[in-house]
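First the structure, in the form of structure tokens, and then the observations on it.
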Number of protein chains: 2
Amino acid sequence: MSDLLERLRGRGWRMTAQRRVVAEVLDGDHVHLTADEVHARAADKLPEISRATVYNTLGELVTLGEVLEVTTDRRAKRYDPNAHRPHHHLVCARCGAIRDVHPTGNPLTSLPDSERFGFTVEGVEVTYRGVCPDCATA
Amino acid sequence: MSDLLERLRGRGWRMTAQRRVVAEVLDGDHVHLTADEVHARAADKLPEISRATVYNTLGELVTLGEVLEVTTDRRAKRYDPNAHRPHHHLVCARCGAIRDVHPTGNPLTSLPDSERFGFTVEGVEVTYRGVCPDCATA
DNA sequence: CACTTGACTTAGACAAAGTCTATCGTAGGA
DNA sequence: TCCTACGATAGACTTTGTCTAAGTCAAGTG
């Protein structure tokens, strides 16, 4: 993750304790935290950090393409640091757990021109829904 | 849409003016209204209708499988009456316009067992993102 | 057709998630 | 070391949706 901090510095980011902490929280695979969860974890390390700063920093990371926003329901958006490896999501309908998955094929090619209605199609999100093993046995 | 009203009556729905109006508003292809838009249009025909009733009725229609919820961002959920014809969505990143689309192939079969992590996969949503013709020229 | 009853509706309070604003603080260059 | 513009802060505000208590009415019953 320190390479993330390096990249950000290279892009002219002013490095602050708050931004460093937010970036550290968003480290690892299969991380899909809400803004509030990011705030809570960041506050463990830096108690004075404000919600607005967390929202601002997450927004900047998304704009820079370092983090993806994931919206699986009308609850809070989640933030996925795994932005440089294309992937989709598998969501548990009961507990909301999220896994990164890598389907075969490219869904972009399965949308024929006749179904594009003149849109310039730039991306695609695929969300598989199901029940996770924990919820299935419970 | 009157067949929808018939189906609902057949399922034991008590028929009220409010429910009829909500069902009428959700008629047609490429209809993707937010709850507030449904409420506004319903209120044109029935001014006293309350927001809670619109939310309740939409929730019931979703539970009955007559209408789909579509979540494309952290803004309001949208309601899609085209529930009986499987389809996916093409969303304009600028203005938020939504079109129903029908890609080729079945994305469910492109998720190998090794990528299912023990989940029972029940469904899949595909959201294509791009820029619509109107926004491209503007 | 009038009565009854529980399902339905209502207004408005409440809650969750996110945005905005005015002010204060500080990273990093001179 | 000092300055200053960029960043952080608290908290008010907005949007979207849920809940509750009380009133209303659709439709079955006699």
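The values are calculated or read from the model by the stated rules, or taken from the named source; none is laboratory data. In this text the structure is predicted, and so the values were computed from the model without any measurement. Glycine also receives a Cβ, built like all others from the backbone with ideal geometry; neighbour counts cover every protein chain displayed. Each accessible area value is taken on the protein alone, full model and side chains, heavy atoms only, with ligands, DNA and RNA left out. Shrake-Rupley method; radii C 1.70, N 1.55, O 1.52, S 1.80 Å.
Counting pairs of alpha carbon atoms under 8 Å apart in space and at least six apart in sequence, what relative contact order in percent does chain A give?
20
What relative contact order, as a whole-number percentage, does segment A:2-80 give when Cα pairs under 8 Å and 6 or more residues apart are counted?
Worked out over segment A:2-80, it gives 31 percent.
Taking H as built 1.01 Å from N, whose amide H comes closer than 5 Å to the amide H of residue A:118, not counting residues under 5 places away?
It is none; the list stays empty.
Just the number, please: carbon plus sulfur as a percent of the accessible area of segment B:88-137, 1.4 Å probe, no ligands or DNA/RNA counted.
That share works out to 50 percent.
Starting from the Cα of residue B:45, draw a straight line to each of the lysines and keep only those under 26 Å, dropping any in the same chain fewer than 8 residues away.
Qualifying lysines at Cα under 26 Å: B:77.
Let's see if you can work this out: charge +1 on each Lys and Arg Cβ, -1 on each Asp and Glu Cβ, no other charges. What is the dipole magnitude of the protein assembly as shown about its Cα centre, in debye to the nearest 20?
540
Could you give, in nm with one decimal, how far residue A:136 is from each other copy of that position, shortest first, with labels 7 Å out from Cα toward Cβ?
Computed spacing set for this position: 4.3 nm.
Considering chain B as a Gaussian network with a 10 Å cut-off on Cα pairs, which listed residue, B:53, B:72, B:104, attains the greatest mean-square fluctuation?
B:104
Applying the Karplus parametrisation 6.51 cos²θ - 1.76 cosθ + 1.60 with θ = phi - 60° to the phi angles of segment B:8-20, what ³J(HN,Hα) value in whole Hz is obtained for each residue in order, glycine and proline being reported as x?
My calculation for segment B:8-20 gives 5, 4, x, 8, x, 5, 6, 8, 10, 4, 4, 5, 4 Hz in order.
Specify which residue in the list B:96, B:138, B:114 is farthest towards the positive end of the charge dipole of segment B:64-138, using unit charges on the beta carbon of Lys, Arg (+1) and Asp, Glu (-1), about the Cα centre.
Positive-end residue among those listed: B:138.
I'd like the accessible area for residue B:29: 1.4 Å probe, protein heavy atoms, all chains in place, Å² to the nearest 10.
Counting only protein heavy atoms, residue B:29 exposes about 110 Å² to solvent.
Starting from a label point 7 Å past Cα on the Cβ side, list the distances from residue A:43 to the same position in the other copies, nm, shortest first.
For residue A:43, the other copies' label points sit at 3.5 nm, shortest first.
Taking θ as phi - 60°, what are the ³J(HN,Hα) couplings along segment B:42-59 by the Karplus curve (6.51, -1.76, 1.60), each to the nearest whole Hz, with x for Gly and Pro?
Calculated HN-Hα couplings, in order: 5, 5, 4, 8, 8, x, 7, 4, 9, 4, 4, 5, 4, 4, 4, 5, 4, x Hz.
Of A:31, A:127, A:17, which is farthest along the charge dipole of chain A in the positive direction, counting Lys and Arg as +1 and Asp and Glu as -1 at C-beta?
So the residue we want is A:17.
To check you understand DSSP bridge types, tell me what percent of the beta bridges within the protein assembly as shown (both residues inside) are antiparallel, rounded to 5.
If we restrict to bridges inside the protein assembly as shown, about 80 percent are antiparallel.
Within 10 Å of each Cβ in peptide A:59-71, how many partner chain Cβ atoms are there on average? Round it to a whole number, please.
The mean count of partner-chain Cβ atoms within 10 Å per residue comes to 1.
Counting only residues 5 or more places away or on other chains, whose amide H sits under 5 Å from the amide H of residue B:129 once H atoms are built in the peptide plane?
Placed amide hydrogens put A:122, A:123, A:124, A:125, B:91 under 5 Å from residue B:129.
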